[in-house]
Amino acid sequence: MAAEGTGTDFGGGSVGLVSGVAIIGVLALVVAGYLVREVLKADAGTPRMREVGRAVQEGAAAYLRRQFRTLAGFVVVIPFVLLLLPAEDTGARVGRSVFFVIGAVFSALVGFVGMSLATRANTRTAAAAMTHGERAAVRIAFRTGGVVGMFTVGLGLLGAAVVVLVFRDSAPQVLEGFGFGAALLAMFMRVGGGIFTKAADVGADLVGKVEQGIPEDDPRNAATIADNVGDNVGDCAGMAADLFESYAVTLVAALILGVSAFGERGLVFPLLIPAVGVVTAVIGIFAVSPRPRDRDGMAAINRGFFVSAVVSAIGSVVVAVTYLPGSVAELPGMAGSTQSGDPRVIAASAVLIGIALAAAIQILTGYFTATNRRPVRDIARASTTGPATNILAGIGVGLESAVYSALLISAAVFGAYLLGSGSVTMALFAVALAGTGLLTTVGVIISMDTFGPVSDNAQGIAEMSGDLDAAGAAILTSLDAVGNTTKAITKGIAIATAVLAATALFGSFTDTVSSALVDAGARAEDGRGLVGGLNIAYPDALVGMIIGASVVFLFSGLAINAVGRAAGRVVLEVRNQFRTRPGIMTGTELPDYGAVVDICTRDSLRELITPGTLAVLAPIAVGFGLGYPPLGAFLGGAIASGVLMAVFLANSGGAWDNAKKLVEDGNYGGKGSPVHAATVIGDTVGDPFKDTAGPSINPLLKVMNLVSLLIAPAVVKYSVGDDRNTALRVSLALAAVAVIAAAIVLSRRRGRTVDDDDPPVEHPTPRDPAAANA
């Protein structure tokens, strides 16, 4: 938090630099506009491909409109709640509420732009693969993602820079609202989109592939349009909003701690590093162009990423050396500190740690999810003995990969922390700077993420249109497999940003609690002031940590169960259409695609409320019910379990999906074989893992951290000192618990696929693909 005397009164130089950052943010939006023109001028494909593409586009747009109407209530009500929470002054309180709305709108805008362009780029990618080859297809798909990347960095930088310019000393508190708005809306979009896409995907696979023996995107499958719509509302809109909030919240954490550590420079330097990232993102995006010697599209994407990372590293070091002073004594925030060392070295090293972490996760995740690596091949080999061994192998890969990813992230956090030894403030700021270093690659990372669903949709639309030739099919199949790997990589990097941001926000939380204790006149009245950290030797703090870890499990379970319920209804609908309309299988009658789209839309919008309620109210229940030390421990438990769970879910799901594609390429019997059926079942298990629950943990951690940060002064006020009010605290906690419980019960009651008194459901025997297509 910005405290008096930290020297945050801007001089003309700082105003000029931050204004320059805002201009760079605007220029990023200009680059996005250029990329949009390049994508849209490409050939949109055959008339039939355009027709299918329009159906996907209309379905995705309709879903987002209904989703935004559903979430509008939160965006309207929460700003008034924020007005009731303590702040330094009225201007900061009002600004926090206003920028909560702006953060939410920006997050929604990034998601909408990602979805809107992706639904237009999919047919263009398919047409490019069929007429111009792999290089042209990769170019269109990746530059579509580049638009989303430029919007993310542009809006994120612009929003943060405007807050700093307008609010100066109060900027950190206002930025809490900006980050909270972005994180909350992103979580809802990620959960809702994830439920939609995986309900359709699971239903399409189980009935189409396994029961009817027809290809994944066969137009006879009533769930195919919904499946392709889901790729856009989940993987494009949801993940784009998720990565935007990662960008915004990491900036928020860095700026909050930067004021305490570096004073005026602490509000400027964390903006300069992502500004470097804008330039390097442009370089990285344009560097992605397959070469004849490349094995596949992944080689070109890796090249673009690492070019961007290297240029970011060089640029960040230059900024640190030229902007920061050479002595800690010259930093107003460190006045009187015994800390020694060169701030330029500390800051540059922290940023480099973040960049190195992004590169390491890129390599590690690629190893565990790529089709040409041993883990995926082991899963495919395990499938020769049935779906049970396929699932066991996938779970094993996910669990193992989570450990290595967690160790990498922990090493980065600890390395950054060591840079500030002697000062907790400096150490936590170094952790936040590592997050900003990772953000310098976010433009390319988002391009990689959007590349996945665009390639997946391109293959599906081309197959549904019936215009796909053998050469084009081979290219699109390869790009789809590459897309699975890039999506897994971006999820790994997203959870890394969550941990770095959550660790930094945790430092802000302890600082806020300590300040509130001073204000309450009760600092360390029970020996448990939070300066220097938490003492989990106390039983109530340990209980808070356990609850924090359990919330991640409950959140994941709610998301996966929501997919299961919605997918069950999709399965019943698709089965019913095959049973009652025999003309569908013979090709004389079209299925009712809209019925499945409607099921997925209604169910996802209903189901997303429960996980979102848990994320917002769980910290309130713990904080007001148990006090501020258990609330801090709650955050620690959530971070620890969240990183492991998120990586496990994302990597196991990605590995299952690519093991299926490995078999579909002709290995172990190819399509239609028993091994293929086993991998399809494994893939359906992995779908909600990798595209619903796993990536949703990322915004969950940030939402819970920001809610805790916002309520911390009130929790302390009503826990200790003259304003202690046990009855009020307990009442608020019980109300929060009651709302969470009611939401869970209502979700399960309304979400039943089959009532207990309904007759047993007949499960059709899996059909031979050759017979199905005869």
Practice problem: Give just the number: which of (1) closer than 24 Å to R344 by Cβ; (2) of a type outside the set (D, E, K, R); (3) at pLDDT 80 or above does G263 not satisfy? | Solution: (3)
Practice problem: Please work out which residue is farthest from A502 (Cα to Cα), limiting yourself to segment 261-282 and to residues that are surrounded by fewer than 24 Cβ atoms within 10 Å (Cβ to Cβ) and not aliphatic (A, V, I, L, M). | Solution: E264
Self-check item: Qualifying helices (runs of 4 or more DSSP H) (wholly inside segment 193-297; at least 3 residues being under 30 Å from A430 (Cα atoms))
Solution: 239-262, 264-287
Quiz item: Do we find that G73 is under 25 Å from V259 (Cα atoms) and out of contact with any Ser or Thr (no Cβ under 7 Å at 6 or more places or on another chain) in this structure?
Solution: no
Quiz item: Name the pairs: first residue in segment 171-197 and at negative phi, second residue surrounded by fewer than 24 Cβ atoms within 10 Å (Cβ to Cβ) and aromatic (F, W, Y), Cβ to Cβ under 6 Å, at least 6 apart or on different chains?
Solution: V174/F167
Practice problem: Please identify the pairs in which a residue from segment 487-515 that is on the phi < 0 side of the Ramachandran plot has its Cβ atom under 7 Å from the Cβ atom of a residue that is outside any helix (DSSP H, G or I) and of a type outside the set (A, V, I, L, M, F, W, C), counting only partners at least 6 apart or on another chain. | Solution: T510/G533; S514/G529
Quiz item: What's the number of the condition R749 fails, among (1) part of a helix (DSSP H, G or I); (2) surrounded by 13 or more Cβ atoms within 10 Å (Cβ to Cβ); (3) modelled with pLDDT under 85; (4) of a type outside the set (G, A, S)?
Solution: (2)
Quiz item: Which one is surrounded by the fewest Cβ atoms within 10 Å (Cβ to Cβ) among residues in segment 195-222 that are farther than 19 Å from K661 by Cβ and out of contact with any Pro (no Cβ under 7 Å at 6 or more places or on another chain)?
Solution: P219
Exercise. For F99, indicate whether it is of a type outside the set (G, A, S), within 25 Å of C236 (Cβ to Cβ) and crowded, with 16+ Cβ neighbours inside 10 Å.
Key: no
Quiz prompt | Qualifying position, being of a type in the set (A, V, I, L, M), closer than 20 Å to A226 by Cα, surrounded by fewer than 22 Cβ atoms within 10 Å (Cβ to Cβ) and in contact (Cβ under 8 Å) with a residue 60 or more places away in the chain, among A60, A22, A44, A55 | solution = A55
Quiz item: Looking at A498, A481, A504, A494, which is the one that is more than 22 Å from T365 (Cα to Cα), assigned to a helix (DSSP H, G or I) and at pLDDT 75 or above?
Solution: A504
Practice problem: Kindly indicate whether any position in segment 352-362 is at pLDDT below 90, farther than 21 Å from A496 by Cα and not hydroxyl-bearing (S, T, Y). | Solution: no
Exercise. Test A677 against the stated conditions and say whether it is touching a helix residue (DSSP H, G or I) at 6+ places or on another chain (Cβ under 9 Å), assigned to a helix (DSSP H, G or I), of a type outside the set (F, W, Y) and more than 12 Å from I391 (Cα to Cα).
Key: yes
Quiz item: Is segment 417-429 home to any residue that is more than 30 Å from D218 (Cα to Cα), at pLDDT below 80 and in a helix (DSSP H, G or I)?
Solution: yes
Self-check item: Those residues of segment 648-671 which are small (G, A, S) and surrounded by fewer than 22 Cβ atoms within 10 Å (Cβ to Cβ), in sequence order
Solution: G666, G669, G670
Practice problem: Kindly list the number of the only condition in (1) within 23 Å of L85 (Cβ to Cβ); (2) at pLDDT 90 or above that fails for P629. | Solution: (2)
Quiz prompt | Tally, over segment 85-96, of residues that are surrounded by fewer than 24 Cβ atoms within 10 Å (Cβ to Cβ), among the charged types (D, E, K, R) and modelled with pLDDT of 85 or more | solution = 1
Exercise. May I ask you to list the residues in segment 67-84 that are in contact (Cβ under 8 Å) with a residue 12 or more places away in the chain and exposed (fewer than 15 other Cβ atoms within 10 Å of the Cβ)?
Key: F80, L83
Quiz item: For segment 104-111, does any single residue satisfy the condition of being farther than 21 Å from A287 by Cβ and aromatic (F, W, Y)?
Solution: yes
Quiz prompt | For S465: the one exception among (1) surrounded by fewer than 24 Cβ atoms within 10 Å (Cβ to Cβ); (2) touching a Leu at 6+ places or on another chain (Cβ under 9 Å); (3) polar (S, T, N, Q) | solution = (2)
Self-check item: All positions within segment 716-740 that are assigned to a helix (DSSP H, G or I) and either crowded, with 24+ Cβ neighbours inside 10 Å or among the basic types (K, R) (or both)
Solution: V716, K717, R729
Quiz item: Here are E51, E58: which of them is of a type outside the set (K, R) and either closer than 30 Å to E607 by Cα or touching a Phe, Trp or Tyr at 6+ places or on another chain (Cβ under 9 Å) (or both)?
Solution: E58
Practice problem: Return yes when F244 is closer than 22 Å to V499 by Cβ and either out of contact with any strand residue (DSSP E or B) (no Cβ under 8 Å at 6 or more places or on another chain) or buried (at least 24 other Cβ atoms within 10 Å of the Cβ) (or both) and no when it is not. | Solution: yes
Practice problem: Could you check how many residues of segment 36-56 are within 17 Å of P219 (Cβ to Cβ) and in a helix (DSSP H, G or I)? | Solution: 10
Exercise. Looking at (1) over 23 Å from the mean Cα position of the chain (by Cα); (2) farther than 27 Å from D227 by Cα; (3) of a type outside the set (D, E); (4) surrounded by fewer than 21 Cβ atoms within 10 Å (Cβ to Cβ), find the lone condition where A473 falls short.
Key: (2)
Exercise. Answer yes or no: is there a residue in segment 549-568 that is more than 20 Å from R190 (Cβ to Cβ), modelled with pLDDT under 90 and either over 32 Å from the mean Cα position of the chain (by Cα) or assigned to a helix (DSSP H, G or I) (or both).
Key: yes
Exercise. Say whether the condition of being surrounded by fewer than 24 Cβ atoms within 10 Å (Cβ to Cβ), in contact with a Phe, Trp or Tyr (Cβ under 9 Å, 6 or more places away or on another chain) and not in a helix (DSSP H, G or I) is met by at least one residue in segment 704-715.
Key: no
Quiz prompt | Residues that are of a type in the set (V, I, T) and more than 19 Å from the chain's Cα centre (by Cα), drawn from segment 613-664 | solution = I620, V622, V663
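The values are calculated or read from the model by the stated rules, or taken from the named source; none is laboratory data. What you see is a predicted model; the values in this text were computed from it and never measured. Cβ coordinates were reconstructed from backbone atoms using ideal geometry, including for glycine residues, and neighbour counts include every protein chain displayed.
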